[in-house]
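Engineer: Here it is, the structure, as structure tokens.
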Amino acid sequence: MHGSDRTDSRLRPRHRPRLLFAIGAVAVAAGWLSLRAAPPLTGRAMFGLWRLPDFAVACVALSVVPFALCRSRRAVLRLALACGAGTFAWLGLEAVFLTLTGAGAAKPIGEVPVPHCDIEGLTAPDIAVAFGLPCQPIRFHYTTNAHGHRNPPDRDDGTVYCVGDSCLVGAVLDWTDTIVHRLECLVGQRCVNVALIGLAPQEAEAEFAHAFAGQDLHGRVVLQFLCEDNDLLDSARVTRPEAAPPPSLWERSLLHRLAVVLQRLTQPVVAESGRRTAVFGDTPVRFLWLHHRGDECEQQWANIERSLDRFRAAVAAAGGAFGVVLIPQKLRVLGPYCRFPPGSDLLPLADRLTPMPGQLAEWSRRAGVAILDLTGALQSAAANGRLVWLADDTHWNAAGAETAASAVAAWPWLRQQLAQPSK
């Protein structure tokens, strides 16, 4: 009889408003999610349907349900105290996390010079990682010289200095497959890699100046490699830091990191992955960098020109010869030989290519500096069915590095410089 009283108490009329309130909160959350459900055009969303703010609103609506189902004020108070304690504990955890992941957080290998580094490990194709695609890990062996650039440990100087960014670093390639090593084998002269991942042209100039300040460059050649895919964007990052502010407190928070992890778990592949894929022969090929004609970054060429002028003058003052090599867009090289799916983001092809080749050629005529555009050599290989980029990465494969090195080695201007006796 006593147990029957407890059972009957659950159905007392005074509990019905709370139950109805809980049901109403669930209905509001469900209705909101139903109205806001929309697969994203780019990036990821919670369960592939909801942007984070919309999902958060539904979570707030559902958070009142446990309080509504409490059967006494004492139960409500206990729940409120538990929530308060949990909130304070989380804020403490956030404070520790923000402190440990502050401005002093270590950068990935290859982004900063680390002298006499010798590391082996696994990496993955960068586009596959960015798009959430399954991929096979790639084993790497990364060694640096005294300046912290990827070279054999005893290679601190040479006859040809190759200055640039990740295309020269070649982190996913064995050292023997990189363009710098292959170029050395072809020209028979010591070649030195002066490159770090993610450098803008201005930063590459500064990196060389820092590493080789005061060095006599008579009889030496300095080649600056420009990467059409991302150098305009990197220049904008350097010259207009206000356009890319540092991550906000929210973006750095642990809660945000966990939300991003949940997005990746519920929608592993980003929405635009299929629209950024084309087929080369029988191989699906992905493209990360995508230009749009008229993009603001096109205005960055004037800043790159000034950097090239400074770099040329500094090399000439030290007695060296200065030339520029253009690494074309992956899409520029492979695009004409690809098949594209309906609705592709990569078309029309002409509108997805930067004006950099023409701008570089005009600067060369005006400044009298030798340039080599690798587009022809790489497109010739692609026309013959040779894939010269990693399918799921923004960098050359071994065939691409070999093709590029052969073109640089056959460059008449470079051959002429190397044939001249040292003064």
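The values are calculated or read from the model by the stated rules, or taken from the named source; none is laboratory data. Computed from a predicted model, the values in this text were never measured in an experiment. A quick note on method: Cβ atoms are made from the backbone with ideal geometry, for glycine too, and the neighbour counts reach across all protein chains shown.
Engineer: Considering only helices (runs of 4 or more DSSP H) fully contained in the range 223-314, which possess at least 1 residues that are loosely packed, with under 14 Cβ neighbours inside 10 Å and either touching a His at 6+ places or on another chain (Cβ under 8 Å) or modelled with pLDDT under 95 (or both)?
Structural biologist: 249-252, 254-266
Engineer: Another question, then. Go through the range 375-384 and give me each residue that's over 25 Å from Glu296 (Cα atoms) and surrounded by 15 or more Cβ atoms within 10 Å (Cβ to Cβ).
Structural biologist: Scanning the range 375-384 gives Ala377, Leu378, Gln379, Ala381, Ala382.
Engineer: It is to be established whether one or more residues within the range 348-371 are in contact (Cβ under 8 Å) with a residue 24 or more places away in the chain, in contact with a Gly (Cβ under 7 Å, 6 or more places away or on another chain) and crowded, with 22+ Cβ neighbours inside 10 Å.
Structural biologist: No, the conditions are met nowhere in the range 348-371.
Engineer: Inspect the range 141-152 for any residue being over 15 Å from Cys117 (Cβ atoms), touching a strand residue (DSSP E or B) at 6+ places or on another chain (Cβ under 7 Å) and surrounded by fewer than 24 Cβ atoms within 10 Å (Cβ to Cβ) and give the result as yes or no.
Structural biologist: No, there is no match, as no residue in the range 141-152 is over 15 Å from Cys117 (Cβ atoms), touching a strand residue (DSSP E or B) at 6+ places or on another chain (Cβ under 7 Å) and surrounded by fewer than 24 Cβ atoms within 10 Å (Cβ to Cβ).
Engineer: Consider Ala244 carefully, then state whether it is in contact with a Lys or Arg (Cβ under 9 Å, 6 or more places away or on another chain), free of Cβ contacts under 8 Å to residues at least 40 places away in the same chain and within 29 Å of Gln202 (Cα to Cα).
Structural biologist: yes
Engineer: Further, regarding this structure: Out of everything in the range 16-64 that is of a type in the set (Gly, Ala, Ser) and in contact (Cβ under 8 Å) with a residue 40 or more places away in the chain, what residue ends up being surrounded by the fewest Cβ atoms within 10 Å (Cβ to Cβ)?
Structural biologist: Gly43
Engineer: Just give me the residues in the range 67-97 being of a type in the set (Gly, Ala, Ser), without any contact (Cβ under 8 Å) to a residue 24 or more places away in the chain and in a helix (DSSP H, G or I), in sequence order.
Structural biologist: The answer is Ala75, Ala80, Ala82, Gly84, Ala85, Gly86, Ala89, Gly92, Ala95.
Engineer: Residue under question is Val324, and the condition is that it be in a strand (DSSP E or B) and either touching a residue at least 12 places away in the same chain (Cβ under 8 Å) or not assigned by TED's automatic domain parsing to the domain that holds His395 (or both); does it hold?
Structural biologist: Yes; evaluated as a whole, the condition is true for this residue.
Engineer: Mind checking which pairs have a first residue in the range 183-206 that is modelled with pLDDT under 95 and a second that is assigned to a strand (DSSP E or B), Cβ under 6 Å, 6 or more apart or different chains?
Structural biologist: Pairs that qualify, where the first residue is modelled with pLDDT under 95 and the partner is assigned to a strand (DSSP E or B): there are none.
Engineer: Just checking, which of Leu79, Leu98, Leu69 is surrounded by fewer than 16 Cβ atoms within 10 Å (Cβ to Cβ), at pLDDT below 90, closer than 30 Å to Leu19 by Cβ and in contact with a helix residue (DSSP H, G or I) (Cβ under 9 Å, 6 or more places away or on another chain)?
Structural biologist: Result: Leu69 is the single residue among Leu79, Leu98, Leu69 that is surrounded by fewer than 16 Cβ atoms within 10 Å (Cβ to Cβ), at pLDDT below 90, closer than 30 Å to Leu19 by Cβ and in contact with a helix residue (DSSP H, G or I) (Cβ under 9 Å, 6 or more places away or on another chain).
Here's the yes/no breakdown for (1) closer than 30 Å to Ser273 by Cβ; (2) of a type in the set (Ser, Thr, Tyr); (3) buried (at least 24 other Cβ atoms within 10 Å of the Cβ):
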{"site": "Gln136", "(1), (2), (3)": "yes, no, no"}
{"site": "Asp156", "(1), (2), (3)": "no, no, no"}
{"site": "Thr159", "(1), (2), (3)": "no, yes, no"}
{"site": "Ala195", "(1), (2), (3)": "yes, no, yes"}
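Engineer: Further question on the same structure: So which residues in the range 322-339 are in contact with a Ser or Thr (Cβ under 7 Å, 6 or more places away or on another chain) and of a type in the set (A, V, I, L, M), if there are any at all?
Structural biologist: Val333
Engineer: Something else now. Kindly indicate the residue of the range 1-42 that is part of a loop (DSSP other than H, G, I, E, B) and among the charged types (D, E, K, R) and also modelled with the highest pLDDT among those meeting that condition.
Structural biologist: Checked the range 1-42; the qualifying residue modelled with the highest pLDDT is Arg12.
Engineer: Just to be sure before I move on: is Phe131 in contact with a helix residue (DSSP H, G or I) (Cβ under 8 Å, 6 or more places away or on another chain), modelled with pLDDT under 95 and aromatic (Phe, Trp, Tyr) in the structure I sent?
Structural biologist: no
Engineer: If I go through the range 54-66 residue by residue, how many of them are at pLDDT 90 or above and either in contact with a strand residue (DSSP E or B) (Cβ under 7 Å, 6 or more places away or on another chain) or not in a helix (DSSP H, G or I) (or both)?
Structural biologist: 1
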